[in-house]
Structures are given as structure tokens and as C-alpha cells.
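Here the structure is laid out as C-alpha cells; the discussion comes afterwards.
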Protein chains: 2
Amino acid sequence: MSNSRGKLVVIGGAEDKQGECLILREFVRLAGGSNARIVVITVATELPLEVGAQYLEVFDRIGVEDVRTFDVSNRENANAASAAKAIEQATGVFFTGGDQVRITNLLGGTKIDMILHKRHEEGMILAGTSAGASMMSNTMIIEGVPETNPRLGIVEMGPGMEFISGVVIDQHFAQRGRIGRLLSAVAQYPHHLGLGIDENTAVVVDGNEFEVIGSGAVTIIDAGSLIYSNFAELHKNGDLALFGVKLHVLPSDYRFDLQNRAPVLQQNLNKAEKTRS
Amino acid sequence: MSNSRGKLVVIGGAEDKQGECLILREFVRLAGGSNARIVVITVATELPLEVGAQYLEVFDRIGVEDVRTFDVSNRENANAASAAKAIEQATGVFFTGGDQVRITNLLGGTKIDMILHKRHEEGMILAGTSAGASMMSNTMIIEGVPETNPRLGIVEMGPGMEFISGVVIDQHFAQRGRIGRLLSAVAQYPHHLGLGIDENTAVVVDGNEFEVIGSGAVTIIDAGSLIYSNFAELHKNGDLALFGVKLHVLPSDYRFDLQNRAPVLQQNLNKAEKTRS
């Protein structure tokens, strides 16, 4: 859930940058279209010049006139007055991929962190892809083992940047076989919904609801419905037993109600009927 | 569900053949231990000599004195009197991996097919790994796209060898990112439970129940609880929306009741308490 007036665009990595750029265009549209003032924050990556240049090029191609990049290689950077001013005036901020721990370690508790929250609450659009998606929640996945059954000890978690509560986000979801690690994460914290976002797919969060856009799907894992788990009895690296997990798969245009932990049924049915007629 | 007196050992591929060989040893134990008479059927593979020799070696190492292989390269082979006689006398038959369509195409409706069903109903243990696992059910996955969101058209299905009803089986499950294709399969046939069996993991089916053995887990997908799916409205290759799928994860020693479509809770709780004390 988010109490901010600004929407969140949470992207599962590998968003299209060559073709129609559907997700990046939607971010720009929400941020004001050709009048958007975009700041690309490259803190997550160790290749800030290359990654920054790539996003400058694509946002320029999409038609954004005012776009700049901001790198943070140490915590002093993160308090730079010029960056603070750019973010104060931005209508949209975009976090690139890389390592989500670089984001929390280098930005957490800085002046920029404070300004990002304030501006987002006032309506600034905040987007992030891959590591930039994972860091959005209160508790985030730091790293984990792919392509395995759910096990204790295969997923490391830590505090995120706290732009959205009630969820744990995983990205590159179907493409990297990550359902085991996301199940392991929500087995530990069944009050958090697991959001598995595929590549070139995003959720656009508006208050308590989100809508899916892009070419893949979002898998929502609700461990609140668990009727049994062996979590409490397990030792390190034990195999998890999970009975009665609820799972939803939402492709593009479908909406989910985070507060009621349920897909939005009525609107979807209307949409399906419209499509058929 | 299975009405046969013989148990089924359904293996998710890549079972250990070098180390403790837990799954293959359990198959041999069920088939009579050192008195077992094992037939390895290599029909699924196009490398029957290599694969056959490998299993002869491992079953010999485990201590089986009477083990032979049987290849089927055409339907005439499948009616060979010598093979029929060996299977009539076998206490256990093992299907190797390869291509599950080779099994149904070359064995379906032959004399061997009939004898296998008769002997299994009388108590003969039947095991299969990978392709040999997929073919066990009434409807089987022929092939499908891995590491994708659930979509129409990504999974091809066809008739299996009908040793177990009510399920659709997928193998190499976590290791090859196959939840999307198994969800696509059960979205089409929600009365079938999806069984996703990890590598070096097996289910031992005894009537209406199965128990999990091995190092991974079995993911059971129950689409019977679906409250909405867009399946009927989709065109070819459309992205599936699925609301309210039920999912269970069962590692080694856990049991599942196929008739009630539920994990066996009481026994598992007892087991957990025993482990702690």
C-alpha cells in the first residue's frame, strides 16, 4: 500500500528500450509527457556512465527534453546540493538496475532519501527496474538462489527504501525461475504479499491498487492463506513444506487490490466483455 | 488416483545414480530388494544402449541380480515374445527419460502396454523418470515453453499411458522454471491437479495417496479453486489471467491425498513433533 499522491512504476527488469518502449513511455506520460523533468539515479549499478547514457538516449528518443542522471558512489555524493535541487524539481525519478543493497547503503537516511519521499508524497512519479524495483518495499529480497524448491536460508532479506508497504518484490521472475525463493520469502513473512514481476512487465501502483502493464505477467503469492508450514520446526537450509498458498497470475491491464489482497474482479470481467464485443 | 495394487514411483528426472541413490534404492526395495526382477525400458530415448547400460550398472551396484533392458525402436519390437515374458515375470519396471511421445507412440495399444497394466494392477512396481514420469497420467504434457508467464499455446498436451488419473505431471520442475507451463496446463483442465516434481525427487503413489522422497520438493497446483480465468476469452498465445489458484509445496516425507486434493495434515504434524522431541 502507498499513501503517496505519486504513482509507483515497479518494473521486473529488461524493459524494452529499442521497440515501442511501452513501459518507459507510460512512466514518462505519468510524469508529464514532453514536459516531464526526469532524473535517472544510477546508484545501484557499478557502470553508472554506460547505464546512465543508455537511459538518457532512450528518454531523449521518447521525447523528454529535461532528463539528467545522478550517480552516487559514496554517501557524500548523496547529499550533493545540485542533486537535491534536481530531484526537488523533478516530475519523475527512475532507479536503474544493479545491486539493491547499493541503493539502501548509499542513499538510506540521506538528504536525497528524505527529498525522494517528500516529493513522491506530493505527487512525483517514482520508477525502478530490477534492483530499482526490489528496493521499493519495506522489506526487500537482497539475494537468493534461483531454480530451487522453497528452502530455509536460500533468500536473504533486509530493509528496503519503504515506498510501498505490505509487499515483497521479486523481478526477472519467470525468466529466472524465482518462485522458490519468493515462496521462501513470504513463508517467513506471510503478512507480506509476494509480487513476482516478469521481465518487460511492470505494476503501476496508485494508492491501494496496482495495474499490470507490459508483455509478461505478475504472479501474486499470498501466504496469508497458509494452513500449515513447517517453518518454525526447520533448521538451517531445511526444505519448506507449505500447504494452501494462494496464487494469482495477472497479465497486462489486470488490477489488484493490495488492501483486500485480491484481484479486482468486476473491472476485469467488464474488460473481458468489452474485448469480446 | 490409482486402483492398482502396485505402487508407482514417479521421478522428476536427474535422480542420483552415483551417491546414495535414495530414489532408485527405494524403487528396488519396493520391488523386492535383492530378489527384485527389474526390466528397464529405454523406449523414450534415442540412445538406448548408453542409457540402458547406465541403469544396468547402477541397479547391479545396488544389488539387483536380475535386471535386464528392453528397447523398443518400432511397434513390432513392442510385441516381442521375450519382452512380454520378462515383464510378466518382473517385480519392477523402470522407464528411462527421453521423449514421452516415443513411449505413447511406440508402446500405446501394444501387447506390452496391456501386460504392463495387468502386472501393475497385480502389484508390480512401475517407475519412470523425466519422460518416463510424464507419460504416467491420462493426459500428459508433450512439450512446452519454460521460464515464461502462463500463456495459451505454450504447452502441448496429449494422451498419456494412463497409469494414474486426476493429475498432470511435470518434471525437472524448479530447475527448469516450469511453473508457467504447468499453470497453463491446469488452467485448461482444472479437474487435473498439476504435480511439479523437482530433479532427484519422486512421488511414491499408493492408491489415492502419495509420499514425497528425494532432495527437492513436489509443487501441487490446484486450479479447482480458480475464481476467475480469462481462458475462454483468449485467442492463440494470449496471456492467462488466473485468480485464486491453490498451491502446496511438499518436500521429502510429506504425504498428499489425491482424492481430497489436500496434503495429509495430521500425519505431518505428528512427524514434525517427533522431529522436535
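A few remarks follow.
- Residue A:235 meets the conditions (1) part of a loop (DSSP other than H, G, I, E, B); (2) at pLDDT 95 or above in every case but one. The failed one is (2).
- The sole residue among B:67, B:28, B:43 that is aliphatic (A, V, I, L, M), assigned by TED's automatic domain parsing to the domain that holds residue B:128 and closer than 19 Å to residue B:131 by Cβ is B:43.
- Test result for residue B:149, polar (S, T, N, Q) and over 22 Å from residue A:196 (Cα atoms): no
- If the condition is being surrounded by 22 or more Cβ atoms within 10 Å (Cβ to Cβ) and either in contact (Cβ under 8 Å) with a residue 40 or more places away in the chain or basic (Lys, Arg) (or both), then the range B:176-185 contributes B:178, B:179, B:181, B:182, B:183, B:184, B:185.
- Residues in the range B:166-175 that are surrounded by fewer than 24 Cβ atoms within 10 Å (Cβ to Cβ) and over 28 Å from residue B:6 (Cβ atoms): B:175 only.
- Given (1) of a type in the set (S, T, N, Q); (2) within 14 Å of chain B (Cβ to nearest Cβ); (3) touching an Asp or Glu at 6+ places or on another chain (Cβ under 7 Å), number of the condition residue A:219 does not satisfy: (3)
- From the list B:184, B:130, the one residue that fits, being outside the structural domain of residue B:13 (by TED's automatic domain parsing), touching a strand residue (DSSP E or B) at 6+ places or on another chain (Cβ under 8 Å) and among the hydroxyl-bearing types (Ser, Thr, Tyr), is B:184.
- Test for residue A:126: is it closer than 21 Å to residue A:12 by Cα and either assigned to a strand (DSSP E or B) or among the hydroxyl-bearing types (Ser, Thr, Tyr) (or both): yes
- Residue B:129 passes every criterion in (1) surrounded by fewer than 18 Cβ atoms within 10 Å (Cβ to Cβ); (2) under 16 Å from residue B:202 (Cβ atoms) apart from (1).
- Of all residues in the range A:180-209, exactly one satisfies the criterion of being of a type outside the set (Lys, Arg), more than 15 Å from the chain's Cα centre (by Cα) and closer than 20 Å to residue A:129 by Cβ, namely A:185.
- Checking the range A:251-272 against the condition returns a match, with at least one residue being hydrophobic (A, V, I, L, M, F, W, C), out of contact with any Phe, Trp or Tyr (no Cβ under 7 Å at 6 or more places or on another chain) and at pLDDT below 95.
- Count of the range B:186-198 residues which are buried (at least 24 other Cβ atoms within 10 Å of the Cβ) and either within 11 Å of another protein chain (Cβ to nearest Cβ) or among the aliphatic types (A, V, I, L, M) (or both): 6
- In the range A:134-146, the residues that are at negative phi and crowded, with 18+ Cβ neighbours inside 10 Å form Cβ pairs under 6 Å with partners that are at pLDDT 95 or above and among the aromatic types (Phe, Trp, Tyr), at six or more places apart or across chains, as follows: A:136/A:163.
- Scope the range B:228-257; condition more than 7 Å from chain A (Cβ to nearest Cβ) and touching a residue at least 40 places away in the same chain (Cβ under 8 Å); matching residues: B:229, B:231, B:234, B:235, B:236, B:237, B:238, B:253, B:255, B:256, B:257
- Within the range B:147-165, considering residues that are surrounded by fewer than 17 Cβ atoms within 10 Å (Cβ to Cβ) and not in a strand (DSSP E or B), the one nearest to the other protein chains (Cβ to nearest Cβ): B:153
- Test: residue in the range B:175-184 that is more than 13 Å from every other protein chain (Cβ to nearest Cβ), among the hydrophobic types (A, V, I, L, M, F, W, C) and not in a loop (DSSP other than H, G, I, E, B): no
The values are calculated or read from the model by the stated rules, or taken from the named source; none is laboratory data. From a predicted model like this one, the values you see are computed outputs, not experimental measurements. Glycine also receives a Cβ, built like all others from the backbone with ideal geometry; neighbour counts cover every protein chain displayed.
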